[in-house]
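Have a look at the structure below, then the notes.
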Amino acid sequence: MTRGEAIAIDLISVRSSSQLLALLGEALHLGGPGGNIECAGANAGKGWGRNWDALSDSLGYLDSGGIWGTSRVFHFPLLIEFTNSMDYRDADTDGFATFSAILETAKKAYRKNYLQLEYVFK
C-alpha cells in the first residue's frame, strides 16, 4: 500500500460480539468524540448502534468522519490489522463469521468508489 494508513486493533481480550463492538467503537471512533455509546436517536449527534447493522453502516463512513461527520477521518488505502484475533474467532465463531462478512462487504463498497480497504486477522 502506498500513502494512506495502517492501523492495528488488538483483540486480545475480546471473547464476544458485544466486546468486539465496544472495542471497534473506541478504536474507529464510530460514534464521534466521546460517542462510543448507544445512539439516542437519528439526530443525537453522537453515538452509534453498537450492533452488527450499525457496524456495517458505520464502516461506510471511515473516509468522511463517521456517521455524524465528527469522527476521525481515515486515509485510504486503509489497512486494518486485527491482532490476537484467534481467541475471539474460537470463542464466538458465529460473531467472527458475521464480522468477517461485514468487513468484506465494506471492502467491496469502497472498491466501487475506487478506495482500497484491506483487513487482516493475525
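Do you know which residues across region 60-102 are assigned to a strand (DSSP E or B) and touching a Gly at 6+ places or on another chain (Cβ under 9 Å)?
Leu78, Leu79
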Inspect all residues belonging to region 30-50 and state whether any of them is surrounded by fewer than 19 Cβ atoms within 10 Å (Cβ to Cβ) and modelled with pLDDT of 95 or more.
no
Could you tell me whether Ile80 is closer than 15 Å to Asp10 by Cβ and either in contact (Cβ under 8 Å) with a residue 12 or more places away in the chain or buried (at least 19 other Cβ atoms within 10 Å of the Cβ) (or both)?
yes
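Would you say Leu20 is outside any loop (DSSP other than H, G, I, E, B), under 13 Å from the mean Cα position of the chain (by Cα) and under 22 Å from Ala97 (Cβ atoms)? Let's see the steps before the verdict.
On the way: outside any loop (DSSP other than H, G, I, E, B): yes; under 13 Å from the mean Cα position of the chain (by Cα): yes; under 22 Å from Ala97 (Cβ atoms): yes.
When the stated conditions are applied, Leu20 passes them.
The values are calculated or read from the model by the stated rules, or taken from the named source; none is laboratory data. No experiment lies behind these values; they were computed from the predicted model shown. Cβ sites come from the backbone with ideal geometry, for glycine too, and all protein chains shown count toward neighbours.
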